[in-house]
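Working notes, structure below.
The values are calculated or read from the model by the stated rules, or taken from the named source; none is laboratory data. Quantities reported herein were computed from a predicted structural model and do not represent experimental measurements. Positions of Cβ are generated from backbone atoms using ideal geometry, with glycine treated the same way; all protein chains shown enter the neighbour counts.
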Amino acid sequence: MNPDLSCLRGWILDLYPSPEGMVLWLIDETGQAHRMVEPFPMALYVGGASRALAALEHTLGARYPRLRLARARRYDLFLDREIEVLEATAPNPIAYRALFRELDQEHPHLAFYNVDLNPALVYGLERGVFPLAYCTAQAAEGRLRSLVAEDSPWSLDYALPPLRMLSLRLGGDLRDPGHGYRGVLEIGTPHTTYRCRWENPRVLLTTLRAAMYAIDPDILLTAWGDSFILPEIFRLSEREGIPLPWNRDPAIPPARKRGRSYFSYGQIVYRAPSISLFGRLHIDRQTAFLSDEYGLDGMYELARITGQPLQQVARTSTGTGISAMQVATAYREGWLIPYRKREPESFKTALELIRSDKGGLTFQPEPGLYEDVLELDFASLYPSLMVKFNLSPETVKKKCPRCRPQLVPEIGYPVCRCKTGLVPLTLEPVVARRLALKRLAKGLIEQASGGLIDQASGGISEARSREPDDEQEVAARPDERKRELYRRRQLALKWLLVTCFGYLGYKNARFGRIEAHEATTAYGREMLLRAKEIAEARGYTFLHGLTDSLWVHKRGATQAEHQALADAISQACGVLIGLEGVYRWVAFLPSRVRAELSVANRYFGLLESGEMKLRGIEVRRHDTILWVRQAQQAMLAILAEAHSAREYRLRLEDVFALARTLLARLRSGKVPAAQLLITNRLSRKPGDYRSRQAVALAARELEARGVALAPGESIEYILTAGGGARPFQAWSVEDRYDVARYEELFVRMLETLAVPAGLGRKEILERLTGIGQPELFGREAAKGPMVALVGAGRGVPLPSLPACDDPILDNPQLGPAPRLLRPEEPGSPRNPAGAGNDSCPCRGTRGVPLRDCSPRSNRILGLLSRLEPPFAQERE
Amino acid sequence: MGRTLASVTQQVQLEEERLQRYRRALPHDDQALFDQLFAFARKRIAATAMAADPLPMQTLLLSMLIGLFHLLAQMHARLERLEKAAPPANEPRPVLPARLDP
């Protein structure tokens, strides 16, 4: 820290309140961190009867001489007029919070506005800055004198500070260490990784201390840091008397929040405890919302766009992000921000309720395997509709004397058009930005020249002006790394937009209103129906529709015809619809309960581009065991070679060959326990379970071993022979897994792939028990195309952790979280020879071309040609 | 989940459950046909949702009729194909609306 700093350029790393005002940490271009403080008074508003306000003003004035009190008139969004309020300005953000707590307790009958705002967000709005913004600052003796942003949150290309990272994770399994097994502590620096044993705390602490001083990290990246690693090191550090420089700000200790269970949408959810640092950032990728989806790049994007500090972005859902953006819009416009939602649902007749209380339109496709199917997707349908039709809590069902309102189709709600609503105002730049990023990610347009888009509106016009004539702009395609960056940024925005729709109807959302939610879904249904009608008018057969996507078929249609269809729909709906692609084959899956009906969102198919799209099937589901997921991934890699429904059936025989090999291995008891783990969420305390279901048995055993479990927490267990279940942490080499129950899970997975080709359970079981030449297929299957799909594009089944952020935590071969081996398992540090783990076909040998893996005997081909699928729908 | 009214899928389920006593009293063969009729209704669930009828059974019956008509059209088309292959000796053809001719 430089006390005589005069002028500095760099990026805002951290922003937090203190009794002095706001503390700002700037990272300069050399990577050096600088602390600056600026006094920052914050105002809140109180509404109510004039006499009540006068009395409050008198009381507060007498009690707090440093409080600035004034009467003001401010615009109330829901009343659509200015009202008289008492403005109380606290000298700093800490006093602001304390003042509100007191007012809420003493005067619960008054209306409060702007009372629970995030000081970092408000500071950013007041100064025109945001987290990770590039700024010029002037300061003297640590006091900030001026701060000017040379950056815009809407800039498509932005530089990030040269961040220094230190990673902390546990060696061995990356399973919840709170439940038992804990590996060594791995301290990852940019140069090397130190492995320290917990049994030797002094060495561990001194190594970590030395690493922290040497690197002075900006970001402490952990896995299970919030719930285990940091609390454990705090404890050891105190016990051994070896302090660690957690915060850069020495005045404050790290902030700790306890974990808690709560009830949400019919489910018990557990929120893990959290530990936030000051002056540097702690990001726990295990608890971070969707971190494996968009990675750190997505988090940086969210911090910049939503104005929330990075540590908060990493610990809250994107719903909190969209809420913050709505608050920011209201603050910028000078509107009062209500403390709690005050708009109850308006009265409706029963008929109105029946008409309006509906979601997106879901069709029922005929189950089966189809060829040559075109999928069209509306781009950000709901947010685009909110923007286009001005759907916002204060505009829908409003009696506006100034304009002729537009009526929502189907439900007839009037929507005021004379003033842009808060939600469209907030979303418009986000929708435009996501579209631009998506195009950049696809390499359809070159990078934004000049980089900066200064105003939100400017951002839109730029993005929109780039929409047509894509091909002309392809000249300078961004490289792969850049495209991946854009892809993650747009994914983060996608989640913002998704939650934004949910928040319109959420009962506790500050700016939510159920009628706005209903109007959005009504427009959505209208647009999907319009799209269907246009497609049918152009000779397409409508196969399936799902909220914002439709699947159609037209024999011999060209790409130009498809594009013309998309253009016609976009024009008729006023919302862009894109060609997702043409499927070589796509399977719509039947319901397990009623085979004649399909499940609307369970399908998989191979696009002409070679990408696979998988929805709702085992490989995409988090509750599928790893072994089954890997097996299905390997099988899909085989099916990805099929270019038609006929070839699909042929390839299916290779799938069965692989299945037989895998089943033989399962029966031999050689599948590693770590691949058979079932993850389940506790719906109650372990002792409160009455039945002997597997999750209850495992939870009770964990509890008996001294592990404290809260409802909503997830535990992992293995189904054991004899109908029982054991937690993974208690698993020993003598234990035997339950072959029959795992076989059942496996066969159900296989059904997903075989049923679309017309095979029933009986035929599947027949094929599994020995038609064909097991030894031939066994040898071929052992080559295992396990890694073939990784990197194949959007449809990749097993998402990997982002590769660029953290080389230590990355392990793209395995599922969403890196899964390493337990000490006694093959391949682990204690068993480096990998005994017992050498021949699993689904582990795979790299680099085996898929085309070579399926010679078929004439006998099998003969069998296939006699197949009579009961409901195959493919077109010849 | 957070909804005031039963979804259209739940409504179909409720109607089917409501008629379970009726189904029970049907001959066994008819029970399968009963189930098939409800399958016809379920396949057209998006249309039932759009109709938003306070008495959903009306729309379900319409969906069942359309399902039956669809089956009839398929059989008609098949019959035509068979007849082309082996023409019947001066038998009267079943008359169906022109729309059903493939």
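Laid out as a table, the results:
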{"read-out": "Among (1) crowded, with 16+ Cβ neighbours inside 10 Å; (2) of a type outside the set (A, V, I, L, M, F, W, C); (3) within 14 Å of chain B (Cβ to nearest Cβ), the one test that residue A:284 misses", "value": "(3)"}
{"read-out": "Residue within region A:174-189 that is in contact with a Pro (Cβ under 9 Å, 6 or more places away or on another chain) and of a type in the set (S, T, N, Q) present", "value": "yes"}
{"read-out": "Selection count where residues are farther than 22 Å from residue A:269 by Cβ and small (Gly, Ala, Ser), scope region A:692-708", "value": "2"}
{"read-out": "Test: residue in region B:4-15 that is at pLDDT below 90 and loosely packed, with under 12 Cβ neighbours inside 10 Å", "value": "yes"}
{"read-out": "Residue within region A:564-587 that is of a type in the set (Asp, Glu), assigned by TED's automatic domain parsing to the domain that holds residue A:407 and within 30 Å of residue A:327 (Cα to Cα) present", "value": "no"}
{"read-out": "In region A:321-350, residue farthest from the chain's Cα centre (by Cα) [restricted to those that are in contact (Cβ under 8 Å) with a residue 60 or more places away in the chain and within 14 Å of chain B (Cβ to nearest Cβ)]", "value": "A:346"}
{"read-out": "Test: residue in region A:580-599 that is surrounded by 15 or more Cβ atoms within 10 Å (Cβ to Cβ), within 14 Å of another protein chain (Cβ to nearest Cβ), of a type in the set (Phe, Trp, Tyr) and under 27 Å from the mean Cα position of the chain (by Cα)", "value": "yes"}
{"read-out": "Lone qualifier among A:660, A:684 - being basic (Lys, Arg), out of contact with any Cys (no Cβ under 6 Å at 6 or more places or on another chain) and either at pLDDT 90 or above or assigned to a strand (DSSP E or B) (or both)", "value": "A:660"}
{"read-out": "Qualifying position, being among the aliphatic types (A, V, I, L, M) and either within 14 Å of chain B (Cβ to nearest Cβ) or without any contact (Cβ under 8 Å) to a residue 24 or more places away in the chain (or both), among A:407, A:425, A:381, A:385", "value": "A:407"}
{"read-out": "Residue that is surrounded by the fewest Cβ atoms within 10 Å (Cβ to Cβ), among those in region A:351-369 that are at the interface with another protein chain (Cβ under 7 Å from one of its Cβ atoms) and of a type in the set (A, V, I, L, M, F, W, C)", "value": "A:351"}
{"read-out": "Helices (runs of 4 or more DSSP H) contained entirely in region A:17-134, each with at least 2 residues that are within 30 Å of residue A:217 (Cβ to Cβ)", "value": "A:93-106, A:119-127"}
{"read-out": "Some residue of region A:668-677 being of a type outside the set (A, V, I, L, M) and buried (at least 17 other Cβ atoms within 10 Å of the Cβ)", "value": "yes"}
{"read-out": "Yes/no for residue A:297 being in contact (Cβ under 8 Å) with a residue 24 or more places away in the chain, charged (D, E, K, R) and either in contact with a Ser or Thr (Cβ under 9 Å, 6 or more places away or on another chain) or within 26 Å of residue A:207 (Cα to Cα) (or both)", "value": "no"}
{"read-out": "Filtered residue count, region A:189-206, keeping only those that are surrounded by fewer than 20 Cβ atoms within 10 Å (Cβ to Cβ), of a type outside the set (Phe, Trp, Tyr) and in contact (Cβ under 8 Å) with a residue 24 or more places away in the chain", "value": "7"}
{"read-out": "Considering residues of region A:606-641 that are within 21 Å of the chain's Cα centre (by Cα) and acidic (Asp, Glu) only, the residue surrounded by the fewest Cβ atoms within 10 Å (Cβ to Cβ)", "value": "A:623"}
{"read-out": "Failed condition for residue A:372, given (1) within 14 Å of chain B (Cβ to nearest Cβ); (2) among the charged types (D, E, K, R); (3) more than 30 Å from the chain's Cα centre (by Cα); (4) crowded, with 19+ Cβ neighbours inside 10 Å", "value": "(1)"}
{"read-out": "Filter result for residue A:509 (outside any helix (DSSP H, G or I) and buried (at least 19 other Cβ atoms within 10 Å of the Cβ))", "value": "yes"}
{"read-out": "Single match in B:52, B:32 (criterion: at positive phi and at pLDDT 90 or above)", "value": "B:52"}
{"read-out": "Candidate set from region B:1-52 (those that are outside any helix (DSSP H, G or I) and at the interface with chain A (Cβ under 8 Å from one of its Cβ atoms)); member that is nearest to residue A:532 (Cα to Cα)", "value": "B:44"}
{"read-out": "Meets criteria (at positive phi and surrounded by fewer than 15 Cβ atoms within 10 Å (Cβ to Cβ)) for residue A:556", "value": "yes"}
{"read-out": "Pairs where the first residue, in region A:502-517, is within 12 Å of chain B (Cβ to nearest Cβ) and closer than 17 Å to residue A:384 by Cα and the second is buried (at least 21 other Cβ atoms within 10 Å of the Cβ) and of a type in the set (Val, Ile, Thr), C-beta under 8 Å, 6+ apart", "value": "A:505/A:514"}
{"read-out": "Failed condition for residue A:331, given (1) in contact with a strand residue (DSSP E or B) (Cβ under 8 Å, 6 or more places away or on another chain); (2) modelled with pLDDT of 95 or more; (3) aromatic (Phe, Trp, Tyr)", "value": "(1)"}
{"read-out": "Of residues in region B:37-57 being without any contact (Cβ under 8 Å) to a residue 24 or more places away in the chain and within 15 Å of the chain's Cα centre (by Cα), the one farthest from residue A:349 (Cα to Cα)", "value": "B:44"}
{"read-out": "Residue satisfying all of: in region B:53-85; among the charged types (D, E, K, R) and assigned to a helix (DSSP H, G or I); farthest from the other protein chains (Cβ to nearest Cβ) among these", "value": "B:83"}
{"read-out": "Qualifying residue in region A:550-567 (condition: within 14 Å of another protein chain (Cβ to nearest Cβ) and either under 30 Å from residue A:751 (Cβ atoms) or not aromatic (Phe, Trp, Tyr) (or both))", "value": "yes"}
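The rows are residues; the columns are (1) surrounded by fewer than 17 Cβ atoms within 10 Å (Cβ to Cβ); (2) of a type in the set (A, V, I, L, M, F, W, C); (3) on the phi > 0 side of the Ramachandran plot; (4) in contact with a Ser or Thr (Cβ under 8 Å, 6 or more places away or on another chain).
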{"site": "A:17", "(1), (2), (3), (4)": "no, no, no, no"}
{"site": "A:21", "(1), (2), (3), (4)": "no, no, yes, no"}
{"site": "A:40", "(1), (2), (3), (4)": "no, yes, no, no"}
{"site": "A:47", "(1), (2), (3), (4)": "no, no, no, no"}
{"site": "A:81", "(1), (2), (3), (4)": "yes, no, no, no"}
{"site": "A:86", "(1), (2), (3), (4)": "no, yes, no, no"}
{"site": "A:95", "(1), (2), (3), (4)": "no, yes, no, no"}
